1. Take residue B:29 and tell me if it is more than 7 Å from every other protein chain (Cβ to nearest Cβ) and either buried (at least 22 other Cβ atoms within 10 Å of the Cβ) or touching a helix residue (DSSP H, G or I) at 6+ places or on another chain (Cβ under 7 Å) (or both).
2. Give the residue, chosen from A:197, A:186, A:214, that is within 14 Å of chain B (Cβ to nearest Cβ), at pLDDT 95 or above and within 20 Å of the chain's Cα centre (by Cα).
3. Going through the stretch A:28-60 one residue at a time, which ones are of a type outside the set (Val, Ile, Thr) and over 21 Å from residue A:260 (Cβ atoms)?
4. How many of the residues in the stretch B:192-216 are in contact (Cβ under 8 Å) with a residue 40 or more places away in the chain and either at positive phi or part of a helix (DSSP H, G or I) (or both)?
5. Of the residues B:152, B:163, which single one is buried (at least 20 other Cβ atoms within 10 Å of the Cβ), hydroxyl-bearing (Ser, Thr, Tyr) and within 14 Å of chain A (Cβ to nearest Cβ)?
6. What are the residue pairs meeting all of these: first residue in the stretch A:282-300, first residue in contact (Cβ under 8 Å) with a residue 40 or more places away in the chain, second residue surrounded by 11 or more Cβ atoms within 10 Å (Cβ to Cβ) and part of a helix (DSSP H, G or I), Cβ atoms under 9 Å, and 6 or more apart or on different chains?
7. Where residues in the stretch B:101-118 are in a helix (DSSP H, G or I) and surrounded by fewer than 18 Cβ atoms within 10 Å (Cβ to Cβ), which of them is farthest from the other protein chains (Cβ to nearest Cβ)?
8. Just checking: which of the helices (runs of 4 or more DSSP H) contained wholly in the stretch A:171-280 hold 2 or more residues that are surrounded by fewer than 20 Cβ atoms within 10 Å (Cβ to Cβ)?
Amino acid sequence: MMATRLTFLGKISRPLRLIAYAALAILLGLIPFTADGYWVRVCTNFFMFVIMVEGVNIISGYTGYAALGNVVFFGIGAYVTAILMSTFGLDFFIALILAGIVAGAFAFGLGMPILRTKGHYFVMATIGLNELVKQVVSNLDSLTGGGKGISLPIPSMPPRINYAFFYFVMLAIAIICVFVVYRLSKSKFGYGIRCIKANEQAAGVMGINTTMYKALAWTLSAFFTGLAGGVYAYWQTFIEPPVVFDVVFAIKMFLMLLLGGQGTVLGPVIGTFVVEFLGELIWGHAADLQLGILGTLVIVVVLFVPQGLVEVTRNKTIGRIFSTRRVKEPQPVEF
Amino acid sequence: MTLVVKDLNVAYGDTQVLWDINISVAKGEVIALVGSNGAGKTTLLRTISGLNRPKSGQISINGQDLTQATPAQRVRLGVAHVPEGRQLFAGLGVRENILIGAYLRTAGQEVRRDLDFMFETFPEVAARRNQQAGTLSGGEQQMVALARGLMSRPQVLLIDELSLGLAPVVVEKLFNLIRNVQKELGIGVLVVEQDVEMAFEMADRGYILDTGMIVKEGRGEELLGDDAIRKAYLGI
């Protein structure tokens, strides 16, 4: 098959490409020290959404299970980090890793029963799950602080360093996350979950352990989403249930995913970029129109590029920047 | 006997659809399973490959009990299912679709050899190996589904509605291909088929299923002239 592979700056010769990558790295490295604090926050937010949207991409884009309530893992990650740091006095990074693991374990345990449902039943089940956990967290006052929320230790860093710290932590996790999704898309496991999306029953009789694969895909998705929640909690230093279990968050994640292109590695990055930065620009100039313009954009994309903006990069002219190289005979799986 | 189904009862909720089914498929045998719509043919195949759970009874392959096994475990033990309507992965290429059949196998060299064998056996498919599976004709899609099933190196291949939506010439060709491949690989085949005449001509033995019960079994030619067929299909 003449498969297309999306490569950033793919049509440019190799040394030039390396220079471009280096320039991008330097640019990303310089932002927190040169840009205005506001834009550093916007960028950090962008990286956070990249992590979450890639997380949704794994379970929805690749496996075909629209986990609209995936924000529950963001909330769990945030609360685990908060509790471990403020009540148990754990170091941030240890608390963060544990938050990711708890979110992942939660997805694995609940995935087994919930992933038996399909289509809109699954969507509703995940939203129900989010509401359920939100209620539990709101009422477990002794552990979570209940509806009053919970404060985290305030990092003892000067503001600029503080901004840079969260910027780089989010950036690092986002890069790892995109890389993991890239590897996943090439792996035998990735092949398996794509088959589940295409035809679950046929995948089952081909010998793919569908229950386990779905649960593992959701675990991975939840792990990254939990990490994003953990960093968010320490970044904000205060969280409360309505904020970290907000369904509007979840809808925004899906907007970004569909806009960029689900089931692709870079689609979520593109979608998040457009929504976050375009959103900020419009907000700055025409706050009233923001939602209207974004909504129109979504309709246009759904009508004309249903595969998402990633498809646009396959266009000839634009393709010079984001090019799709035609690769001969892909080896989807190495046996 | 490779595949043995013993006293199998299957129900959907309170509605029992299969009653005390006993069938067997030996190595190198082609078995036809015929019966009118709603007789339970597809349910029987789905129960053998683990998509449905039986109420009671036993399914075994080479003496090994499968009754509690998951679909994936059954593939490993040698059951391959070519489902009704082919159920290809439409978004994936032909080659990828065939390779999925070998998902559980780890010996790369052998898998590649088997893939070449499939392309030799189904040359029409080989010519389209890089296309999307959804763009193929019905007959070609059925070939992909068969090749996919064979890629797991099964002991028994279950084929549901081989002729669904296909021209009679194509079905005959597929039947001949199946006979050749099956002989060469020494596997058992259990095929559900609507074209009764062709099915019994091609098969070594056959079973007639009527409202969930096996009403007749025997050698292919014998069953062809049997009244049970008319009864099972027309109820007269």
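The values are calculated or read from the model by the stated rules, or taken from the named source; none is laboratory data. Model, not experiment: these values are computed from the prediction. Positions of Cβ are generated from backbone atoms using ideal geometry, with glycine treated the same way; all protein chains shown enter the neighbour counts.
1. no
2. A:214
3. A:29, A:30, A:32, A:33, A:35, A:36, A:37, A:38, A:39, A:41
4. 6
5. Details: B:163 fails: within 14 Å of chain A (Cβ to nearest Cβ).
Just a single option satisfies the conditions, and that option is B:152.
6. Between residues of the stretch A:282-300 that are in contact (Cβ under 8 Å) with a residue 40 or more places away in the chain and residues that are surrounded by 11 or more Cβ atoms within 10 Å (Cβ to Cβ) and part of a helix (DSSP H, G or I), the close pairs are A:298/A:255; A:298/A:258; A:298/A:259.
7. Filtering the stretch B:101-118 for residues in a helix (DSSP H, G or I) gives B:108-118.
Narrowing further to those that are surrounded by fewer than 18 Cβ atoms within 10 Å (Cβ to Cβ): B:108-110, B:112-113, B:116-117.
Values: B:108: 4, B:109: 9, B:110: 9, B:112: 7, B:113: 11, B:116: 13, B:117: 15 Å.
It comes out as B:117.
8. A:188-198, A:200-205, A:210-236, A:241-244, A:247-260
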